[in-house]
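Asker: Structure incoming, see below.
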Amino acid sequence: MENALTAEVFQGLSNLPRDLFLGEVLRCAHGADRTRFAAANEVEDADLDVLPGSLLLSALDVDVQPDVWVTGSSVQLLVEAKGFKKGAAFNIEQLPRELLCLQEHSGDRDPLLLLILTTPPPIRIAGKGRHEVDAGVAVGLEPLCDRAGMTADEYEVLLASIPFCVAWTTWSEIYTIVKRQRSALSDLPSSIAASLHRIADGVAQAIKWHSGGLVSEPVALVDQA
């Protein structure tokens, strides 16, 4: 169900005018402001791969499976989407592994890990309770870095980078943005507008259906630009 939600939403966001929809999702998210705005500004021409399969984290010889992998000119974005399963928690090493995976596979691009949550933070880490996002990513980071053969200094650098490369939003915020941005399509030729309206409605309906009705009708969002 989680993969189905991710696929339905991000295939739709990819096919809609990206700057208007996915770019706005990124601009209205939270955290890692500089990198997040850079990702938003270049998303129209980025390569976007939904459920791309496994990426090897070579230092640990383990696979990481991004939900969405977006390669822009200056930012490498990994999306980790949480489904609406009751009591769902992040595995203690899940987010640190994704952070290390980004570091390995970003090349000369700035890494950005975007979490899509069912509710605003704190987030639940299995066996470790609830934490704010940055602290939740850090919970399992040190032992993972140790097993990966990283030095204490390398761990400290990675730990300090978390506020600059981890961001979050919620499914409800994405729903609100899609419903709001839909109105901007009305000035297009009627056939084109109708086609894009159907895609936008499909994205919003997917979120509402998978949430079991937990998302509400749009409320005002503050653009952080």
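Asker: Give segment 193-211 a look and list any residue that's under 14 Å from residue 175 (Cβ atoms) and assigned to a helix (DSSP H, G or I), or say none.
Answerer: 200, 201, 202, 203, 204, 205, 206, 207, 208, 209, 210
Asker: Under 7 Å between Cβ atoms, at least 6 apart or on separate chains: pull out the pairs that start in segment 10-32 with a residue that is under 23 Å from residue 120 (Cα atoms) and end on any residue that is assigned to a loop (DSSP other than H, G, I, E, B).
Answerer: Close Cβ pairs (under 7 Å, with a partner that is assigned to a loop (DSSP other than H, G, I, E, B)) amount to 13/21; 27/223; 27/224; 27/225; 28/221; 28/223; 28/224.
Asker: Something else now. Among the residues of segment 14-28, is there at least one that is at pLDDT below 95, over 21 Å from residue 163 (Cα atoms) and among the aromatic types (Phe, Trp, Tyr)?
Answerer: no
Asker: While we're on this one: Of the residues 167, 135, 88, only one is part of a helix (DSSP H, G or I) and either of a type outside the set (S, T, N, Q) or surrounded by fewer than 19 Cβ atoms within 10 Å (Cβ to Cβ) (or both); which? Break it down stepwise before answering.
Answerer: Details: 167 fails: part of a helix (DSSP H, G or I); 88 fails: part of a helix (DSSP H, G or I).
The match here is 135.
Asker: Collect the residues in segment 4-34 that are surrounded by fewer than 20 Cβ atoms within 10 Å (Cβ to Cβ), in a helix (DSSP H, G or I) and touching a strand residue (DSSP E or B) at 6+ places or on another chain (Cβ under 9 Å), keeping them in residue-number order.
Answerer: Correct list: 7, 11, 14, 33, 34.
Asker: OK, next. Could you grab me the full set of residues in segment 73-84 that are in a loop (DSSP other than H, G, I, E, B) and touching a strand residue (DSSP E or B) at 6+ places or on another chain (Cβ under 8 Å)?
Answerer: Matches in segment 73-84: 74, 82.
Okay, residues lined up against (1) at pLDDT 95 or above; (2) more than 28 Å from residue 121 (Cβ to Cβ); (3) small (Gly, Ala, Ser):
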site	(1), (2), (3)
177	yes, no, no
180	yes, no, no
183	no, yes, yes
186	no, yes, yes
202	yes, yes, yes
210	no, no, no
214	no, no, no
219	no, no, no
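Asker: Another question about this same structure. How many residues are among the aliphatic types (A, V, I, L, M) and in contact with a Cys (Cβ under 6 Å, 6 or more places away or on another chain) when one looks only at segment 72-112? Quick ask: steps written out before the conclusion?
Answerer: Step one: filter segment 72-112 for residues among the aliphatic types (A, V, I, L, M), giving 75, 77-79, 81, 88-89, 92, 95, 99-100, 102, 112.
Within this subset, residues satisfying the condition of being in contact with a Cys (Cβ under 6 Å, 6 or more places away or on another chain) are 112.
The total comes to 1.
Asker: Check segment 35-51 and report whether any residue there is under 23 Å from residue 93 (Cα atoms), within 12 Å of the chain's Cα centre (by Cα) and either crowded, with 18+ Cβ neighbours inside 10 Å or not charged (D, E, K, R) (or both).
Answerer: Yes, segment 35-51 has at least one match.
Asker: Continuing with the same structure: Can you tell me how many residues within segment 138-163 are surrounded by fewer than 17 Cβ atoms within 10 Å (Cβ to Cβ), in contact (Cβ under 8 Å) with a residue 60 or more places away in the chain and in contact with a helix residue (DSSP H, G or I) (Cβ under 8 Å, 6 or more places away or on another chain)?
Answerer: 1
The values are calculated or read from the model by the stated rules, or taken from the named source; none is laboratory data. This structure is a prediction, so every number in the text was calculated from the model and none was measured. Using ideal geometry, Cβ is built from the backbone for each residue, glycine included, and neighbour counts are taken over all protein chains shown.
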